[in-house]
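Encoded as structure tokens, the structure appears first; notes follow it.
Derivation of every value follows stated rules applied to the coordinates shown; laboratory data play no part. Being a predicted model, the structure only gives us computed values, none of them experimental. Glycine also receives a Cβ, built like all others from the backbone with ideal geometry; neighbour counts cover every protein chain displayed.
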Amino acid sequence: MTLPMTPSFRLDGQRALVTGASKGIGRAAAVALATAGASVVMAARSLDEMEEPVGELRAAGHQAKAVRLDVTDRAAVRAAIAAEGPFDVLVNNAGTNIREPFLELKDESLDALLDLNLRAMFTTAKAVAEGMVAAGIKGSIINLSSVNGHVAGANRSVYSATKHGVEGMTKAMAFELGPHGIRVNAIAPGFVETPLTRPVLDDPQFRARVVRSMPLGRVMSVEDIMGAVVFLAAPVSGMVTGLSLVIDGGSLTH
């Protein structure tokens, strides 16, 4: 009897783009993809913050390159992807949060979050998908969502709205791009300790509240997201699309 073969977790020969790659989850995603064999383009507004990880990855024998890119500049996004692509994998990570009570939310906060968390993600995904289709690449697009794309939270009304939008966009993209062999999924992390979340997690009472919300009993690190990135990018998840993979230490179980 011939035994079945486990599809590969490797990404050798594939090219990947990671946005918001200068720090936090984006940097970790780039490292995960590069160490799985992909040639990675790390994109962010700051080249300086990407010099160290790119240098370390290259020194270890992996392929990595840094590109300065403001993903809210649609023309720049299209030009960069046309110049650097086509890609087999996109980790659509760039995003932010502005914590303000709903009744005190500033117009500029609304505009900034919608522009970066939703419009820029849509533009980036569309440009990468166009390149995949033109090149006949059966690729993988991974959109970074959040548990706030599934539930609400205090002082996160617009952030939650944008992440619910990412969830809907992911499903719609999966439906439309499926016939081209392109898979589209979301990763929805809970509280991960990053430069973005560290200011609130530095409050001992807030950190304790976050830990209590997680049955697994700790705040997550970026390493907790890396395996999911490789899984959704690699052939091993070849029939997974339209999924939102929640990684939250169990906080949504109650």
- Item | Inverse mean reciprocal Cα-Cα distance (Kirkwood Rh) of the range 13-78, Å | 11.6 Å
- Item | Ser8 versus Asp115: modelled label distance in nm, points set 7 Å from Cα along the beta carbon direction | 4.2 nm
- How much of the calculated P(r) for the chain lies past 25 Å, in percent of all Cα pairs? 41 percent
- Selection from Thr19, Pro235, Ile225, by position along the positive dipole direction of the chain (Cβ): Pro235
- Using only the Cα atoms of the range 104-254, build the gyration tensor, take square roots of its eigenvalues as a ≥ b ≥ c, and label the shape rounded, prolate or oblate: rounded if a/c is under 1.5, else prolate if a/b is larger than b/c, else oblate. oblate
- Query: Quick one: if the Förster radius is 45 Å, what FRET efficiency do Glu176 and Leu216 give, using the C-beta to C-beta distance and rounding to 0.05?
  - Reply: 0.80
- Note on the structure: Quarter of the surface of the C-alpha convex hull for the range 48-134, i.e. direction-averaged projected area in nm², equals 7.3 nm²
- Using the Cα atoms of the range 101-143 to build a convex hull, what is its mean projected area in square nanometres? 3.5 nm²
- Note on the structure: Given 99-106, 234-241, the highest-first ranking by average Cβ count within 10 Å works out to 234-241, 99-106
- Task: With a 10 Å radius around each residue's Cβ, average the other Cβ atoms per peptide and rank 162-172, 10-20, highest first.
- Result: 10-20, 162-172
- Restricting things to alpha carbons, find the Rg to Rh ratio for the range 1-113 using the Kirkwood radius for Rh. 1.11
- Note on the structure: Excluding residues fewer than 8 positions from Lys65 in its own chain, the lysines with Cα under 16 Å of it are Lys23
- Does a label point 7 Å from the Cα of Arg78, set along Cα-to-beta-carbon, have any residues of the range 99-115 with amide nitrogen under 20 Å, and which are they? 115
- Query: Peptides 22-34, 179-191: what's the order by average Cβ count within 10 Å, highest mean first?
  - Reply: 22-34, 179-191
- Item | Eligible lysines near Lys171 by straight Cα distance, threshold 20 Å, same-chain separation 8 or greater | Lys126, Lys138, Lys163
- Convex hull projection area averaged over all views, the range 147-203, Cα basis, nm²: 4.6 nm²
- Query: Roughly how big is the range 1-150's charge dipole about its Cα centre, with Cβ charges of +1 (Lys, Arg) and -1 (Asp, Glu), in debye to the nearest 20?
  - Reply: 500 debye
